[in-house]
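Here the structure comes first, spelled out in structure tokens, and everything after it is commentary.
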Amino acid sequence: MGQGIAQIAAQAGLDVILVDAAPDFATAGIGKIKKQLDRLVERGKLDAASRDATLGHLRPGAAHGDLRACDVVIEAAPEKEELKLAIFKSLGEACKDDAILASNTSSISITKIAAASGRPDRVIGMHFMNPVPVMKLVEIVRGLPTSDATYATVVELAKRFGKTTIGARDIPGFIVNRMLIPLLNEACYGLYEGLGTAADIDVGVRLGLNHPMGPLELADLIGLDTCLAIAEVLHRELGDDKYRPCPLLRQYVAAGWLGKKVGRGFYEYDSQGQRKA
């Protein structure tokens, strides 16, 4: 997700610093963005000059201190509350006082994240959809202390990225995942209970409900660990058993079958990310 956000920001003409868990990861991320842009050039969807201009806006950073001059920082770490709180505490100390700090969290409280930052009025949620360069939607989530100025700035930034925005209350799951995760989880239960094969369930949803992708293949794309993490937040924070994660989903995550990113989830994938027959 961070790679995709960096790509669209650079394509919008903004200078971008990538910081990851290690400097080598940030450099590798820029390399992956180059490969994505190269593919677009090969397909005639992007000219070489635009690719080179985009890459010229990207550089790796080594630590949060390298973000000192940034006007907006967008966090896209894994969906783990403790990790995000620690990151925002660090960003609040490292970034300039008037910088806006945004989280790409799918479900975690923006109000809680904001409190960790020490600048709660300048913290907001920017929930991008996956894959970021393709999907048009960004959910803008205001915490209780988020200022009007922060909200207006982030909406305009998302529009500069070419995205459509919707506003969502700071309630677990926001709008999209409040509806999506129960669907994916119920598909897991369908497989768990033997209602049909993974392919049967996905074809049923694609053709019966006119969805562009089946729920189990979508879960593989998102990452089963991410789906589980969001489901756990919904179950814990809303206290309703309808959000209880399916045991099969937990088992797949425990096995390391996390989806497309590791080559195996509900389906198996080759080294190019294509689903095996």
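The values are calculated or read from the model by the stated rules, or taken from the named source; none is laboratory data. Quick caveat, the model's predicted, so the values are computed rather than measured. Here the Cβ is made from the backbone with ideal geometry for all residues, glycine too, and neighbour counts use every protein chain on show.
Which members of segment 228-277 meet the condition of being over 14 Å from LEU218 (Cβ atoms), of a type in the set (Lys, Arg) and in contact with an Asp or Glu (Cβ under 6 Å, 6 or more places away or on another chain)?
LYS276
Just checking, how many residues over segment 259-277 are part of a helix (DSSP H, G or I), of a type outside the set (Lys, Arg) and surrounded by 19 or more Cβ atoms within 10 Å (Cβ to Cβ)?
0
So which of ILE87, ILE17, ILE33 ends up being in contact (Cβ under 8 Å) with a residue 40 or more places away in the chain and within 26 Å of GLY223 (Cα to Cα)?
Among ILE87, ILE17, ILE33, only ILE17 is in contact (Cβ under 8 Å) with a residue 40 or more places away in the chain and within 26 Å of GLY223 (Cα to Cα).
How many residues does segment 8-44 hold that are within 20 Å of MET129 (Cα to Cα) and either polar (S, T, N, Q) or part of a strand (DSSP E or B) (or both)?
So the count comes out to 4.
Find the residue count for segment 1-30, including only residues that are surrounded by fewer than 18 Cβ atoms within 10 Å (Cβ to Cβ) and under 17 Å from GLY162 (Cβ atoms).
Residues in segment 1-30 being surrounded by fewer than 18 Cβ atoms within 10 Å (Cβ to Cβ) and under 17 Å from GLY162 (Cβ atoms): 3 in total.
Which one of LYS89, LYS96, LYS112, LYS159 is assigned by TED's automatic domain parsing to the domain that holds ALA77, of a type in the set (Lys, Arg), surrounded by fewer than 21 Cβ atoms within 10 Å (Cβ to Cβ) and closer than 28 Å to LYS32 by Cα?
On the way: LYS89 fails: closer than 28 Å to LYS32 by Cα; LYS96 fails: closer than 28 Å to LYS32 by Cα; LYS112 fails: closer than 28 Å to LYS32 by Cα.
Within the list LYS89, LYS96, LYS112, LYS159, the selection yields LYS159.
Just checking, which of LEU85, LEU55 is more than 30 Å from ALA168 (Cα to Cα) and in contact with a helix residue (DSSP H, G or I) (Cβ under 7 Å, 6 or more places away or on another chain)?
Within the list LEU85, LEU55, the selection yields LEU55.
Being more than 27 Å from LEU234 (Cβ to Cβ) and polar (S, T, N, Q) is true for just one of THR146, THR165, THR111, THR153. Which residue is that?
On the way: THR146 fails: more than 27 Å from LEU234 (Cβ to Cβ); THR165 fails: more than 27 Å from LEU234 (Cβ to Cβ); THR111 fails: more than 27 Å from LEU234 (Cβ to Cβ).
After applying the criteria, what remains is THR153.
Which members of segment 187-215 meet the condition of being within 22 Å of TYR243 (Cβ to Cβ), free of Cβ contacts under 8 Å to residues at least 12 places away in the same chain and surrounded by 14 or more Cβ atoms within 10 Å (Cβ to Cβ)?
Residues satisfying the conditions are GLY190, HIS211.
Restricting attention to segment 133-155, does a residue exist that is outside the structural domain of ILE8 (by TED's automatic domain parsing), among the small types (Gly, Ala, Ser) and in contact (Cβ under 8 Å) with a residue 60 or more places away in the chain?
Of segment 133-155, the ones outside the structural domain of ILE8 (by TED's automatic domain parsing) are 133-155.
Among the residues that remain, those that are also among the small types (Gly, Ala, Ser) are: 143, 147, 149, 152.
Now restrict to residues that are in contact (Cβ under 8 Å) with a residue 60 or more places away in the chain: none.
Checking segment 133-155: not a single residue is outside the structural domain of ILE8 (by TED's automatic domain parsing), among the small types (Gly, Ala, Ser) and in contact (Cβ under 8 Å) with a residue 60 or more places away in the chain.
Given the condition without any contact (Cβ under 8 Å) to a residue 24 or more places away in the chain, surrounded by 15 or more Cβ atoms within 10 Å (Cβ to Cβ), over 24 Å from SER106 (Cβ atoms) and not charged (D, E, K, R), answer yes or no: does some residue in segment 49-63 qualify?
No: segment 49-63 contains no residue that is without any contact (Cβ under 8 Å) to a residue 24 or more places away in the chain, surrounded by 15 or more Cβ atoms within 10 Å (Cβ to Cβ), over 24 Å from SER106 (Cβ atoms) and not charged (D, E, K, R).
Residue-wise test of (1) assigned by TED's automatic domain parsing to the domain that holds LEU180; (2) modelled with pLDDT under 95; (3) of a type in the set (D, E, K, R); (4) not in a loop (DSSP other than H, G, I, E, B).
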residue	(1), (2), (3), (4)
GLY204	yes, no, no, yes
ASP220	yes, no, yes, yes
ALA231	yes, no, no, yes
ARG250	yes, no, yes, yes
VAL253	yes, no, no, yes
TRP257	yes, no, no, no
